[in-house]
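See structure below.
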C-alpha cells in the first residue's frame with residue numbers, strides 16, 4: 001500500500017484523486033477487518049475468561065477435577081451459543097439498516113446488485129465466527145486442567161495458561177488492528193485476572209458461609 005501511495009504522488013503530486021482512492025480502499029479494508037476482529041478476538045477472549053472464571057469458581061469450593069471439567073464444558077457450550085445468537089441478532093440488525101439505506105440511495109429499487117450484496121455484513125458468518133472463537137478460547141483452560149489431579153497444581157496451571165493466552169489474544173488483536181500491543185495486552189490481561197479473581201473470591205465466600 002505504501003508503494004502505491006508513492007507511485008500516486010510521483011505521477012500527480014501529493015494531493016490527487018488516485019491517492020485519495022487508495023486511502024479510501026485502505027480505510028474500507030481496515031473497517032471490514034475490524035468487524036472480524038471484534039467477533040474473533042473478543043469471542044476468544046470471552047471464551048477463555050468466562051470458562052476459566054467458572055472453573056476457578058467451582059475450584060474454590062470443590063477440589064475434584066470432574067466438577068471443574070463439567071462446569072467448564074457447560075460454560076463453553078452455553079457461551080458459544082449465546083455469542084452466536086447475540087452476534088447474529090446484532091449483525092442482522094446492521095444488515096437491515098444498510099439494505100434500507102442502499103434502497104433509498106437507489107431510488108427505492110428492491111433488488112441490489114451483486115457487488116452491493118457482497119459488501120453487506122453476513123450475520124451467519126459473524127455468528128459462526130463468534131461461536132468458533134469462543135470455543136477456541138474456552139478450550140485453553142479446559143485442556144490445561146483436564147489431566148491434572150493435584151488441586152493446587154491444577155488451579156495454578158489454569159491461571160498460568162490463561163494468562164499466557166490472554167497476552168497472546170491481546171497482542172494479536174493489537175497487531176492486526178494496528179494499535180498498541182502493550183496497552184492492548186495489558187488491558188485484556190487485567191480484565192481476565194479481575195474476572196477470575198472476583199469469581200473465585202465470591203464463590204469461596206459463599207462456600208465458607210455454608211450456603
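Checked against (1) surrounded by fewer than 20 Cβ atoms within 10 Å (Cβ to Cβ); (2) touching a helix residue (DSSP H, G or I) at 6+ places or on another chain (Cβ under 8 Å), residue 152 passes all but condition (2). Within segment 155-171, the set of residues being crowded, with 19+ Cβ neighbours inside 10 Å and at pLDDT below 90 comprises 169, 170. Take residue 128 and tell me if it is surrounded by fewer than 19 Cβ atoms within 10 Å (Cβ to Cβ), modelled with pLDDT under 90 and either under 14 Å from the mean Cα position of the chain (by Cα) or assigned to a helix (DSSP H, G or I) (or both). Yes, satisfied.
Contact map, segment 176-199: first residue at positive phi and in contact (Cβ under 8 Å) with a residue 12 or more places away in the chain, second residue part of a helix (DSSP H, G or I) and surrounded by fewer than 15 Cβ atoms within 10 Å (Cβ to Cβ), Cβ cut-off under 9 Å, separation 6 or more or different chains; pairs are 178/30.
The values are calculated or read from the model by the stated rules, or taken from the named source; none is laboratory data. Quick caveat, the model's predicted, so the values are computed rather than measured. Cβ sites come from the backbone with ideal geometry, for glycine too, and all protein chains shown count toward neighbours.
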